[in-house]
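Below is one structure; the comments refer to it alone.
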Amino acid sequence: MFQRLPSLNFAHPLPYGAIPHEDGVQFVVFSRSATAMRVLLYDRVDDRDPSETIDFDRDLNRWGDIWSMFIPGVQVGQLYHFQTEGPYEPERGHRFDANARLIDPYAGALAGHFQSADDGIIRPPKCVVSSQEFNWKGDRHLRRELSETIIYELHVRGFTKGKSSGVQHPGTYLGVIEKIPYLQSLGVTAVELMPVHEFPIFDCQGNKPDHPNYWGYDPLAFFSPHRGYAAGSEPGCQVVEFKQMVRALHQAGIEVILDVVFNHTAEGNERGPVLSFKGLENRVYYMLEKGGQYYRNFSGCGNTVNGNHPIVRELIFHCLRHWVHNYHVDGFRFDLASILSRGRDGKLVPNPPVVETIGEDPLLADTKIIAEAWDAAGAYQVGTFGDLRWAEWNGRYRDDVRKFWRGDSHTLGSLATRLAGSSDLYQAGGRRPYHSINFITSHDGFTLNDLVSYSRKHNEDNGEGNRDGDNHNNSDNYGVEGPTRRRTIRRVRLRQLKNMQATLFLSQGTPMLVSGDECRRTQRGNNNAYCQDNAVSWFDWKLVSRHAELRRFCQELIAFRMAEPTVRQRDFLNGGAQRPDGFPGVRWFNADGLEVDWSQDDHSLICMLAAVPPKDDLSPSGRHLLLMTHAGTLPRMFSLPKSVRRVPWRLFVDTAADSPEDIHPQADGPPPPADGQIELVNGSLVCYVAPSGFGS
């Protein structure tokens, strides 16, 4: 094969990846144990073999453990792989394979699919030499504070892939752009995108799998936007289209948060393929055990990324900067983030270096940093993850709110704590209520509709005998498993949907809503739809009009929250100190209007939340809230506490009322009865609002 003589110009050892210059490209890759390194160049995406193979010179092209070579004449759009030689000694952790074609860990884009391996050689998608040039038209990060944020979790493909979406480019970044008016109409301030870094579409034999990894939690290349979400077919077009999406969302006032997966990769365990990291420096990139022959599995996916090794820590650090600087993303949600708290031996360590590095990085200072503070091996760090820079998915909030509204015993105190911002988890560490990302559902589990429609999971279509997915969902069907025509059950379910939405948006903290929960999207009881790239997972846009009542309810709650500082407080609620208007920050009462006895097993609660005083003459004054929650199975009479009966309350929310009386957007509904007696039906919530200035 023809060997192009590399130029010695631009022989810089850093940065990593394929760096385009005016007259060629610099290829830079790390490998400590390789004995030889080469670049494979391809002319077309569907080429099975390279048109050129160019060897690195060990004397001229190696700087320490970094292999760096400038190849003249190569341009943006060039397709390539790396290939190495080195020891194959699994018992010592080495898995070099001289025949393997390797994805560049720093590749800016991938093109094509896996090609059939009938000759025993796995051919992964090809790397693309990418340019980051783009006309951002002055775009900058929006820098919205967490306390002012409402997150909407969505799947780029599933959001518009269904025929009912009516978009020109279904299932793509451009399709998301077409639905921005809908996002604006909801009032959300940020989209949290499920994984958009590269993951496999075909299997290693080049076949479309029966059960694809639809969610995308199977990384191939951390720096590359997923090619499967591009509308175009030109190699690297996803780079431009992703930036177009971010720019358009920013223009609409919506931030972009990425769900990133630095805990495992698509290479799997010792039986998995050699695609990238295994063939470059397996012992560095993964946590190994038993001398290096086997992989530690804290992710539940076969391998675990060695995040606190200095080389891997550097890769993660560069990757986050890459997405912030080159793609203008506004934050990250770290999947199974507790793995980042594990040292190189797999044990949880205090002040883990990679967690500290992320929190202290100056380029990330304006971004949102959110941890899923647990992993698949038993670590659960909700309330203790990282430092003041880190917010967390509050799994305790999810569980406690679900249990209360299901009517579980002894859940009243837990509900109050979650409504008030989860001080039990965050106050002692110096954090604020907004560090709690409050959610009742996420992509992982039931949708909100299914949470009130199914008592157990129904994952048979996943092909795993219904053994996958969580068995502890704190859900209920209220009499019939799945859809029903029974009017009484349908009314109870709708009330419960409104109860949980109202709880979410009236709680202190940062709320997250899952795409479709505002209009009763269902997965037919599947609580682990990771492989359902079909109507089970896709957003059905017919639901937007079919369930306009719930959608309106959700919209008005969001609008109220964004206008009402009392439910977005930056400090934890103070139940003792009196405010100038005579109210303490928060008070709790039972249904009789008396101080709560928390030792009693009750299902009814009144929360009096005092208005937030204006910060200055230009700041809006908050309003008082009186929230009544009743999860009992029978109607119950509530008595207004005597200390607040003289306040001019007006109805804001009544989840038992028919639309449009279920929510009054201007909080100008009828006042409470003159005698202060209010009957709540079983499983319902009522909220009154009053202007500040009226004390006890």
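Residues in segment 35-55 that are in contact with a Pro (Cβ under 9 Å, 6 or more places away or on another chain) and in contact (Cβ under 8 Å) with a residue 40 or more places away in the chain: Thr35, Val39, Leu40, Tyr42, Val45, Ile54, Asp55.
Residues of segment 531-549 being in a helix (DSSP H, G or I) and under 21 Å from Arg495 (Cα atoms), which ones?
Going residue by residue through segment 531-549, those that are in a helix (DSSP H, G or I) are 542-546, 548-549.
Listed by number, the residues that qualify are Leu543, Val544, Ser545, Arg546, Ala548, Glu549.
For segment 363-382, filtering for residues that are surrounded by fewer than 21 Cβ atoms within 10 Å (Cβ to Cβ) and either hydroxyl-bearing (Ser, Thr, Tyr) or at positive phi (or both) leaves 2.
Within segment 68-97, the set of residues being farther than 14 Å from Val274 by Cβ, under 35 Å from the mean Cα position of the chain (by Cα) and part of a strand (DSSP E or B) comprises Leu79, Tyr80. Kindly evaluate Val382 against the criterion of being part of a loop (DSSP other than H, G, I, E, B), under 20 Å from Gly429 (Cβ atoms) and modelled with pLDDT of 95 or more. It is true that Val382 is part of a loop (DSSP other than H, G, I, E, B), under 20 Å from Gly429 (Cβ atoms) and modelled with pLDDT of 95 or more. Do we have any residue at all in segment 417-425 that's of a type outside the set (A, V, I, L, M), surrounded by fewer than 23 Cβ atoms within 10 Å (Cβ to Cβ) and over 19 Å from Arg568 (Cα atoms)? Within segment 417-425, not a single residue is of a type outside the set (A, V, I, L, M), surrounded by fewer than 23 Cβ atoms within 10 Å (Cβ to Cβ) and over 19 Å from Arg568 (Cα atoms).
Restricting segment 338-352 to residues that are within 17 Å of Asn303 (Cβ to Cβ) and touching a strand residue (DSSP E or B) at 6+ places or on another chain (Cβ under 8 Å) leaves a set whose member that is modelled with the lowest pLDDT is Gly346. The residues listed here are His264, His328; of these, the one that is surrounded by fewer than 23 Cβ atoms within 10 Å (Cβ to Cβ), at pLDDT 95 or above and within 18 Å of the chain's Cα centre (by Cα) is His328. Is it the case that Glu281 is part of a loop (DSSP other than H, G, I, E, B) and acidic (Asp, Glu)? Against the criterion (part of a loop (DSSP other than H, G, I, E, B) and acidic (Asp, Glu)), Glu281 does not qualify.
Tallying residues that are under 23 Å from Tyr16 (Cα atoms) and of a type outside the set (D, E, K, R) within segment 335-358 yields 6.
Checked against (1) in contact with a strand residue (DSSP E or B) (Cβ under 6 Å, 6 or more places away or on another chain); (2) assigned to a helix (DSSP H, G or I); (3) buried (at least 23 other Cβ atoms within 10 Å of the Cβ), Cys319 passes all but a single condition, namely (3). The combined condition, being more than 19 Å from the chain's Cα centre (by Cα) and modelled with pLDDT of 95 or more, is not fulfilled by Ser299. Residues of segment 651-672 that are buried (at least 20 other Cβ atoms within 10 Å of the Cβ), at negative phi and hydrophobic (A, V, I, L, M, F, W, C): Leu651, Phe652, Val653, Ala656, Ile663.
Yes or no, residue by residue, for (1) in a loop (DSSP other than H, G, I, E, B); (2) touching a residue at least 40 places away in the same chain (Cβ under 8 Å); (3) at positive phi:
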position: His169; (1), (2), (3): yes, yes, no
position: Pro195; (1), (2), (3): yes, yes, no
position: Lys208; (1), (2), (3): yes, no, no
position: Pro212; (1), (2), (3): yes, yes, no
position: Gly228; (1), (2), (3): no, yes, no
position: Gly232; (1), (2), (3): yes, no, no
position: Gly253; (1), (2), (3): yes, yes, yes
position: Phe262; (1), (2), (3): yes, yes, no
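Condition check for Phe27 on (1) in a loop (DSSP other than H, G, I, E, B); (2) under 34 Å from the mean Cα position of the chain (by Cα): one failure, at (1). For the residues Ala100, Ala109, Ala34, the requirement of being over 19 Å from Val274 (Cβ atoms), crowded, with 16+ Cβ neighbours inside 10 Å and not polar (S, T, N, Q) singles out Ala109.
All told, Ser414 meets the bar of being among the hydroxyl-bearing types (Ser, Thr, Tyr) and under 18 Å from Ile606 (Cα atoms). If the condition is being in contact (Cβ under 8 Å) with a residue 40 or more places away in the chain, more than 20 Å from Ala416 (Cβ to Cβ) and touching a Phe, Trp or Tyr at 6+ places or on another chain (Cβ under 7 Å), then segment 482-497 contributes Gly482, Val492, Arg493.
Scoring Val349 on the criteria (1) within 20 Å of the chain's Cα centre (by Cα); (2) surrounded by fewer than 16 Cβ atoms within 10 Å (Cβ to Cβ) leaves a single failure, condition (1). Taken together, the residues in segment 117-146 that are in contact with a strand residue (DSSP E or B) (Cβ under 7 Å, 6 or more places away or on another chain) and among the charged types (D, E, K, R) amount to 3.
The values are calculated or read from the model by the stated rules, or taken from the named source; none is laboratory data. Small disclaimer: the values here were computed from a predicted structure and weren't measured. Cβ: placed from backbone, ideal geometry, glycine included. Neighbour counts: every protein chain shown.
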